[in-house]
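Undergrad: Please see the structure below; I have some questions.
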Amino acid sequence: MSCAHVDQIALELPQEGAKADAVCPACVAQGSTWVHLRQCRTCGAVGCCDSSPNRHARAHARAEDHPVIASFEPGESWSYCYVDAEMIDR
Ligand SMILES: [Zn+2]
Ligand SMILES: [Zn+2]
Ligand SMILES: [Zn+2]
């Protein structure tokens, strides 16, 4: 693992209960839809994945310099760094 951004992880992996009925707030605001949700592990912001038309999670990572996200999908437990394009084991 080569990611040097793990020190930006401030939050635990999201709880399953928090994922229920979750939305991408930016998509809701613009009347759009998403495919999967991701959560920023630095500040907790929820955004949509790269398979979604608006890719709000990646946009947040770039704008705020928060490169590490976790899946916010029920039953999934993994993290990923956008800068290094690799999975993170924590
Ligand atoms: Zn990284
Ligand atoms: Zn979105
Ligand atoms: Zn963030």
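The values are calculated or read from the model by the stated rules, or taken from the named source; none is laboratory data. Just so we're clear, the structure is a prediction, and the values are computed from it rather than from any experiment. Cβ atoms come from the backbone with ideal geometry, glycine included; neighbour counts cover every protein chain shown. Just so you know, the surface numbers come from the protein's heavy atoms only, side chains and all, with ligands and any DNA or RNA stripped out. Shrake-Rupley method; radii C 1.70, N 1.55, O 1.52, S 1.80 Å.
Undergrad: So which of Asp89, Asp21, Asp84 is away from ligand 3 (no atom under 15 Å from the Cβ), touching a Ser or Thr at 6+ places or on another chain (Cβ under 7 Å) and charged (D, E, K, R)? It would help to see each step written out before you state the result.
TA: Details: Asp89 fails: touching a Ser or Thr at 6+ places or on another chain (Cβ under 7 Å); Asp21 fails: touching a Ser or Thr at 6+ places or on another chain (Cβ under 7 Å).
Within the list Asp89, Asp21, Asp84, the selection yields Asp84.
Undergrad: Shifting gears a bit: In the range 1-25, which residues are hydrophobic (A, V, I, L, M, F, W, C), part of a loop (DSSP other than H, G, I, E, B) and open to solvent by less than 70 Å² (accessible area, probe 1.4 Å)? Step through it out loud before you land on a result.
TA: Initial filter on the range 1-25 (hydrophobic (A, V, I, L, M, F, W, C)): 1, 3-4, 6, 9-11, 13, 18, 20, 22-24.
From what is left, the residues that are part of a loop (DSSP other than H, G, I, E, B) are 1, 3-4, 9-11, 13, 20, 22-24.
Residues satisfying the conditions are Cys3, Ile9, Leu11, Leu13, Ala20, Ala22, Val23, Cys24.
Undergrad: Contact list please: Cβ distance under 6 Å, first residue in the range 1-22 and touching a residue at least 12 places away in the same chain (Cβ under 8 Å), second residue open to solvent by 70 Å² or more (accessible area, probe 1.4 Å) and more than 15 Å from ligand 3 (Cβ to nearest atom), pairs at least six apart or on different chains.
TA: Qualifying pairs under 6 Å: Leu13/Ser77; Lys19/Pro74.
Undergrad: Still on this structure, I have one more. Which one is farthest from ligand 3 (Cβ to nearest atom), of the residues in the range 62-73 that are open to solvent by 30 Å² or more (accessible area, probe 1.4 Å) and farther than 17 Å from Ser52 by Cβ? Before you say what the answer is, go through the steps one by one.
TA: Let us first name the residues in the range 62-73 that are open to solvent by 30 Å² or more (accessible area, probe 1.4 Å), namely 62-66, 73.
Filter again for farther than 17 Å from Ser52 by Cβ, leaving 64-66.
Details: Glu64: 5, Asp65: 9, His66: 3 Å.
Checking each candidate, the answer is Asp65.
Undergrad: When the range 26-37 is examined, which residues are found to be surrounded by 13 or more Cβ atoms within 10 Å (Cβ to Cβ), out of contact with any helix residue (DSSP H, G or I) (no Cβ under 6 Å at 6 or more places or on another chain) and in contact (Cβ under 8 Å) with a residue 24 or more places away in the chain?
TA: Cys27, His36, Leu37
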